Amino acid sequence: MTPLPPGSTIGILGGGQLGRMLGVAAAQLGYRCHIYAPDEASVAADVAAEFTCAQDDDIPALEKFADACDVITFEFENVPVAPLRAIAGRAPLHPPVGALDIAQNRIAEKNFARTHGGTPAPFAEVTDLASLSSAIAQVGTPAILKTIRMGYDGKGQARIKDGDDLEACWDIVGQQPCVAEGFVTFTHEFSVILVRGQDGEVRYWDTPHNVHEDGILAMSSSPAPAEILEHQDAARALAAKMAEAMDYAGVLTCEFFATADGPVFNEMAPRVHNSGHWTIEGAITSQFENHIRAICGLPLGDTGLAAERVEMINLIGGNAEEWQALLSDPANHLHLYGKGESRPGRKMGHVTKLFF
Ligand code: AMP
């Protein structure tokens, strides 16, 4: 494997904060970034050398973009797969398109985890109102109804209690193909964040304990408590097997629930992940830098903790307006994503604190 030399161009599909933080890490290693995103107001483009603003299925624009890049990656997992397959061969793509294909479909994702020895929540496919009622009979209540495609941060989801009006729930999710999941009784949520090199080397960051509010990540901290660490080996083994099966290069994140019966697989993200933002200051090498190293064929950096304890808090909606108060604590590392308009539930930034 010949490493991509500094000065080469990394193409990033998607223009959000993950692309922005990847762009900063790439620049530090001497690379140029070219962002491809459909929205003119793409915060990743603010820190990149080049920006193509075009739709995700605009094949001529994608071809031109690919021809201008030495390697391509993505920061958004809902990039349509067919146009990417159409430009295959113009530039290497890491992680592979197959990983996107699996991650874009909640049922494919759960079956994939199961094939590799993982345990997802009990689930059943829902295609219409009649199958919703049989799915709920199968998985029980409480349950969560999630759209099979395009859901994130709790969007496209409805919680169902015993006696709820199923027709109203079916309307909440927009009458789209869904998966009904039994509600998992868990003590904690956590994620495995690994990086896999093109040579198959795998490194893991310390497992973060993740706290969600309203379906959105609120806080991640590391090291995790004993109730999570007892599940770490099994969860890491599953994530590594899945990565190997996909012939994966880059950062892969798998989210889990810690339960009395072991780790329950929730979902995977074939990309850098919000629960790994603490690694920028809190690990020897961040998830962003190691993703760039992996896709460029460079040796992977040390993923060890850089402090005794690290805590990352998301700044969601109006919380980012407290930036001055946050900066009054000199130990806070403030990250703002440069998004103009704050809306409820929108991730505007995060703050990381290291404890020694
Ligand atoms: P997701 O979009 O699948 O990551 O769901 C967002 C959040 O909703 C998760 O992080 C959990 O806090 C909660 N959640 C999702 N699915 C389940 C489930 N089957 N049982 C219990 N809680 C869940």
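For the stretch 115-245, the average shadow cast by the Cα convex hull is 9.1 nm², which is a quarter of the hull's surface.
Panel note: the C-alpha atoms of the chain, placed on their principal axes, show extents of 60, 51, 41 Å (largest first). In the context of the full protein assembly, residue 199 retains an accessible surface of approximately 110 Å², using a probe radius of 1.4 Å and ignoring ligands and nucleic acids.
The lysines whose alpha-carbon is closer than 26 Å to the alpha-carbon of residue 146, local same-chain residues fewer than 8 away aside, are 110, 155, 161, 241, 347.
Take every DSSP beta bridge whose two residues both sit in the chain; close to 80 percent of them are antiparallel.
Among 335-346, 53-64, 239-250, the peptide with the highest mean count of other Cβ atoms within 10 Å heads the list, and the full ranking is 239-250, 53-64, 335-346. Applying the Karplus relation 6.51 cos²θ - 1.76 cosθ + 1.60 with θ = phi - 60° to the stretch 135-142 yields 3J(HN,Hα) values of 5, 5, 4, 6, 8, x, 10, x Hz, where x marks Gly and Pro.
Along the charge dipole of the stretch 202-326, which of 260, 220, 286 sits closest to the positive end, that is, farthest toward it, with unit charges on the beta carbon of Lys, Arg, Asp and Glu (+1, +1, -1, -1)? Towards the positive end, the residue furthest out is 286. Annotation: aspartates and glutamates with alpha-carbon distance below 17 angstrom to residue 353 (same-chain offsets under eight excluded): 206, 281, 308, 311, 322, 329.
Across the stretch 21-26, coupling constants 3J(HN,Hα) worked out from phi with the 6.51/-1.76/1.60 Karplus curve, θ = phi - 60°, read 6, 5, x, 5, 5, 5 Hz, and Gly and Pro carry x. Taking label positions 7 Å along the Cα-Cβ direction at both residue 150 and residue 50, the computed distance is 3.0 nm, reported to one decimal.
Taking each DSSP H run with n ≥ 4 as -39500 (n - 2.57) and averaging over every residue of the chain yields -7500 deg cm²/dmol at 222 nm.
The values are calculated or read from the model by the stated rules, or taken from the named source; none is laboratory data. All of these numbers come straight from a predicted model, not from anything done at the bench. No Cβ is skipped: glycine too gets one built from the backbone with ideal geometry, and neighbour counts run over all protein chains shown. These accessible areas exclude ligands, DNA and RNA; they are computed on the full protein's heavy atoms, side chains included. Shrake-Rupley method; radii C 1.70, N 1.55, O 1.52, S 1.80 Å.
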